[in-house]
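Read-outs throughout are calculated quantities, based only on the coordinates presented, and are distinct from any laboratory measurement. What you see is a predicted model, and the numbers here were worked out from it, not measured in a lab. Heads up, the Cβs are rebuilt from the backbone with ideal geometry, glycines too, and the neighbour counts pull from every protein chain shown.
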Amino acid sequence: MSSSARTSDVLVIGGGIIGLVTAWRAAQRGLATAVVDPEPGGGAAQVAAGMLAAVTELHYGEETLLGLNLASARRYPDFAAELTDLTGHDLGYRRCGTLAVALDADDRAHLRELHALQRRSGLESEWLSGRDCRRLEPMLAPGVRGGLRVDGDHQIDPRRLAAALVAACERTGVVFHREWAERLLVDRERATGVVTRAGAELAVGQVVLAAGSLSGRLAGVPEAVLPPVRPVKGQVLRLTVPPPLAPFLSRTVRAVVRGSHVYLVPRESGELVVGATSEELGWDTTVTAGGVYELLRDAHELVPGLTELPLTETRAGLRPGSPDNAPLLGPTGLEGLLLATGHYRNGVLLTPVTGDVMAHVLTTGELPDEARPFTPKRFSAALTEQPA
Ligand code: GLY
């Protein structure tokens, strides 16, 4: 195939949930769209717990990201309903709320600070005593000292979301190239397509690089526009609550124990997801005894009865971390190359808004206002700045 024979208007590199939602929304807008990925629907969504935690995962200095997170959370009900109507897939979208609890005085002080930040940011959360926490969730440890009830932080099952997005893409005419993208093709300072590992040339109008933690590794991408994305390992466990014991927990329960985040996400199916470590170890996805031990130890401190449950799965995935923990969305300094990557801890939450933003920019060339702060050019500008 010659690189002058255009195979689609848009080629999305990466068939994780971010690449899939971009492809689906682009195809809905009438663009001939293809995805290149050996295993569409795979990636970090196969590991993620699926918390939609804009409020409980709020951090100092991330107010701009909060705006995008909230915009996406607001879209979730309609987004999930649209996907289910189109594909018949149940996404496990559950408006269950979240309880963030404290186990000791330090945790309590930390949570009080988070509560104050939430209130200053106009977010809804309610401070509860330890006794009120246990009234809501009787399986909690007697030592729980207090907590924050956030009814607006929900959950979705990311594996179901990924399968539904594959089905939505298929129904909307997206073409899947089930192979690896090997190299970006650049001709006269414009991205024109990719060469696959099997040697095929896919020539396109616009290329969207949405390869999660791998996004910074595609050959052929000029250094100045290569996304500064790094892998951040997360180990996650899955336990099963047998039917007579259900409901074990009625909402997501989370805490910071000895400085590490631990969360327990109960699905209606009886699956209980326990996550997650956060490790800067490059491309390593080994499940370690230490990782499993620490997660179980911390989860056990929150909910002692959990050690009775069957441990059904252990797995590690790679979050696409970016320098400011926020995604990179939209055009790069290389014409024809766009990014949808760097979603770090918020990929599942940011899926609906990412699809809308990317479809808008692919059809108009402009980032919508809500996405302007997330332009990839915020990093390439710093790269090309000359010292005074
Ligand atoms: N947002 C949860 C995590 O990244 O572990």
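Quick one: 3J(HN,Hα) in Hz for the range 278-295, Karplus 6.51/-1.76/1.60 with θ = phi - 60°, rounded, Gly and Pro as x.
Those phi angles translate into 9, 10, 9, 10, x, 8, 5, 10, 6, 7, 9, 4, x, x, 5, 4, 5, 5 Hz.
What length, rounded to one decimal in nm, is gained on full extension from Arg297 through to Thr84, with 0.36 nm per residue of separation minus their alpha-carbon distance?
Extending this stretch completely gives an extra 73.0 nm.
Once phi is turned into θ = phi - 60°, what whole-Hz ³J(HN,Hα) does the Karplus curve with 6.51, -1.76 and 1.60 give for every residue of the range 179-196, x standing for Gly and Pro?
7, 7, 7, 9, 7, 7, 8, 10, 9, 6, 6, 9, 6, 10, x, 9, 9, 8
Ratio of the range 243-374's C-alpha Rg to 2.2 N^0.38 Å, to two decimals?
Numbers: Rg = 18.9 Å, N = 132, 2.2 N^0.38 = 14.1 Å.
Relative to the 2.2 N^0.38 Å estimate, the range 243-374 comes out at 1.35.
Going by amide H atoms built from the backbone, whose H comes under 5 Å of the H on Val241, apart from near neighbours?
Amide H neighbours of Val241, under 5 Å, 5+ apart: Glu271, Leu272.
Need one number: nm distance between label points at Glu62 and Glu268, each 7 Å from Cα along Cα→Cβ, rounded to one decimal.
Roughly 2.9 nm, to one decimal.
Please give the length that would be gained between Ala289 and Arg112 if that part of the chain were fully extended, namely 0.36 nm times their separation in residues minus their C-alpha to C-alpha distance (nm, one decimal). If you can, show how the numbers build up before the last one.
Numbers: separation 177, 0.36 × 177 = 63.72 nm, distance 3.31 nm.
Taking 0.36 nm per residue and subtracting the Cα distance, the gain is 60.4 nm.
Restricting attention to the alpha-carbon atoms of the chain, what are Rg (one decimal) and Dmax (integer), both in Å?
Using the Cα atoms of the chain, the pair Rg, Dmax is 21.2, 69 Å.
Whole Å is fine, so just give me how far the alpha carbon centre of the range 236-311 lies from that of the range 23-44.
Centre-to-centre (Cα) distance: 32 Å.
Peptides 77-84, 93-100, 118-125: what's the order by average Cβ count within 10 Å, highest mean first? The partial results should precede the final answer.
Values: 77-84: 16.5, 93-100: 21.4, 118-125: 14.4.
My ranking of the peptides, most packed first, is 93-100, 77-84, 118-125.
In square nanometres and to one decimal, what's the mean projected area of the convex hull around the Cα atoms of the range 1-121? Mind dumping the intermediate values first?
Values: hull surface 44.1 nm².
For the range 1-121, the mean projected area of the Cα convex hull comes to 11.0 nm².
Per residue of the range 351-357, what does 6.51 cos²θ - 1.76 cosθ + 1.60 with θ = phi - 60° give for ³J(HN,Hα)? Whole Hz please, x for Gly and Pro, Karplus curve as stated.
Result, ordered by residue: 4, x, 5, 5, x, 5, 4 Hz.
Among rounded, prolate and oblate, which fits the range 67-193 when a ≥ b ≥ c are the square roots of the eigenvalues of its C-alpha gyration tensor, a/c under 1.5 means rounded, and a/b larger than b/c means prolate?
Numbers: a/c = 2.86, a/b = 2.03, b/c = 1.41.
Prolate, because a/c is 1.5 or more and a/b exceeds b/c.
Applying a 10 Å radius around every beta-carbon, put 257-269, 60-72, 17-29 in order of their mean neighbour count, most first. Before the final figure, lay out the partial values.
Values: 257-269: 18.8, 60-72: 16.9, 17-29: 27.5.
Highest-to-lowest ranking by the protection proxy: 17-29, 257-269, 60-72.
I want to check the label-to-label distance for Arg74 and Ser121. Put each point 7 Å from Cα in the C-beta direction and report it in nm to one decimal.
My value for the distance between the label points is 1.5 nm.
Which angle between 0 and 90 degrees, to the nearest 10, do you get for helix 105-120 versus the longest principal axis of the chain when only C-alpha atoms count?
It is inclined by approximately 50 degrees.
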